[in-house]
Amino acid sequence: MNRKSAIGIFDSGLGGLTVMSAVTKLLPKENIIYFGDTAHVPYGSKSNKVVTGFALAISKFLVKHDVKLIIVACNTASAFSLADLKKKIKVPVIGVITAGSAMAVKNTKNKRVAVIGTEGTIKSGAYLKEIKKQNKSVKVFSQACPLFVPLVEEGWFDAKITKDIIKEYLTEILKKKTDTIILGCTHYPLLKKSIQKVIGGNVEIIDSAIAIANEVKNLLHDKNIENDAKQGRHVFYVSDCPEKFEKLGSIFFGKKIKNVKKVELEK
Ligand code: DGL
């Protein structure tokens with residue numbers, strides 16, 4: 001492993017490409033290996049044990065590809081599996097929850113923060129614990145929004161039905177008068193405009209993808225392992241349906257994706 005080694009990023013499927021997009025914008029010189037676990041998506045409705053099994057297998061695959069760092073782009077896997085991965089994987093592993101929480105804690109003036117995510121992420125209480133760890137006086141309100149992921153996968157970012165569903169999910173949260181809301185799921189940045197319309201301009205939206213990109217930049221700098229290439233290379237692996245990933249992935253990544261390879265993971 002050296003400075004030219006790639007950064008490994010993984011997610012349950014396509015969603016983590018929003019994280020990869022933020023990372024490549026900030027760190028264009030870095031080589032990146034992305035793994036989308038398309039055979040097992042969604043993680044958001046699965047148990048801790050099952051998701052952690054997938055997360056471990058993917059991390060071992062990435063380590064075999066000599067990555068210098070692993071980003072758990074999936075909020076659900078970060079919530080369930082990060083502690084286990086940190087213990088069992090020999091390269092630094094970071095998840096989206098710490099960075100997203102730090103950004104929210106820094107942003108909130110009235111010390112009231114909302115978190116939205118998958119059922120798994122919200123039930124785990126991972127954001128609540130992390131925010132309280134960083135600042136005990138911040139009040140946290142959370143809401144699972146399980147229909148958001150399928151809406152995004154359909155490409156219905158600002159359809160009427162999407163806005164109605166956003167309103168329905170966020171009614172209770174809006175009553176709490178939070179000034180900050182964390183998008184605690186890889187897919188939600190694609191609903192950012194519609195969410196902002198529903199919650200109004202006075203509530204700041206925290207995108208965990210941008211938060212983690214900054215954390216990665218600092219970590220590579222501190223460890224003196226930044227790549228010095230002109231332009232980083234990007235490689236994509238999935239566990240199923242590479243063609244679908246290429247087609248939809250371009251929307252999440254904001255750029256064309258080609259040569260996606262399908263691999264089978266060792267258990
Ligand atoms: N990647 C997941 C997350 O950020 C959303 C999709 C899923 O449920 O697998 O929580």
Exercise. Among the residues of segment 211-225, how many are surrounded by 16 or more Cβ atoms within 10 Å (Cβ to Cβ) and touching a Lys or Arg at 6+ places or on another chain (Cβ under 9 Å)?
Worked result: 3
Seminar exercise, completed: Looking across segment 76-94 at residues that are within 15 Å of the ligand (Cβ to nearest atom) and in contact (Cβ under 8 Å) with a residue 60 or more places away in the chain, the single one that is nearest to residue 8 (Cα to Cα) is 94
For this session: Collect the residues in segment 26-43 that are part of a loop (DSSP other than H, G, I, E, B) and either within 16 Å of the ligand (Cβ to nearest atom) or among the β-branched types (Val, Ile, Thr) (or both), keeping them in residue-number order.
Result: 37, 38, 39, 40, 41, 42, 43
For this session: Would you be able to tell me the number of residues in segment 234-267 that are over 16 Å from residue 40 (Cβ atoms) and either part of a helix (DSSP H, G or I) or open to solvent by 60 Å² or more (accessible area, probe 1.4 Å) (or both)?
Result: 15
For this session: Could you list all residues from segment 197-210 that are open to solvent by less than 60 Å² (accessible area, probe 1.4 Å) and either modelled with pLDDT of 95 or more or out of contact with any strand residue (DSSP E or B) (no Cβ under 9 Å at 6 or more places or on another chain) (or both)?
Result: 198, 199, 200, 203, 205, 206
Problem set entry | Of residues in segment 105-130 being assigned to a helix (DSSP H, G or I) and crowded, with 24+ Cβ neighbours inside 10 Å, the one nearest to the ligand (Cβ to nearest atom) | 121
Problem set entry | Criterion: under 24 Å from residue 140 (Cβ atoms) and within 10 Å of the ligand (Cβ to nearest atom) - qualifying residue of 73, 102 | 73
Problem set entry | Cβ pairs under 6 Å, 6+ apart, first in segment 246-267 and among the polar types (S, T, N, Q), second open to solvent by less than 100 Å² (accessible area, probe 1.4 Å) | 250/257
For this session: Please specify each residue of segment 1-25 satisfying the condition of being within 13 Å of the ligand (Cβ to nearest atom), in a loop (DSSP other than H, G, I, E, B) and either free of Cβ contacts under 8 Å to residues at least 60 places away in the same chain or polar (S, T, N, Q) (or both).
Result: 12
Problem set entry | Enumeration of residues in segment 57-75 that are more than 15 Å from residue 39 (Cα to Cα) and either without any contact (Cβ under 8 Å) to a residue 24 or more places away in the chain or open to solvent by 10 Å² or more (accessible area, probe 1.4 Å) (or both) | 60, 61, 63, 64, 65, 66
For this session: Tell me, please, whether a residue that is closer than 22 Å to residue 232 by Cα, of a type outside the set (A, V, I, L, M), open to solvent by 60 Å² or more (accessible area, probe 1.4 Å) and modelled with pLDDT of 95 or more can be found in segment 29-38.
Result: yes
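The values are calculated or read from the model by the stated rules, or taken from the named source; none is laboratory data. This one's a predicted model, so the numbers in the text were calculated from it and none came from an experiment. Virtual Cβ from ideal backbone geometry, glycine too; neighbours counted across all protein chains shown. The accessibility values were calculated without ligands, DNA or RNA, using every heavy atom of the protein model including side chains. Shrake-Rupley method; radii C 1.70, N 1.55, O 1.52, S 1.80 Å.
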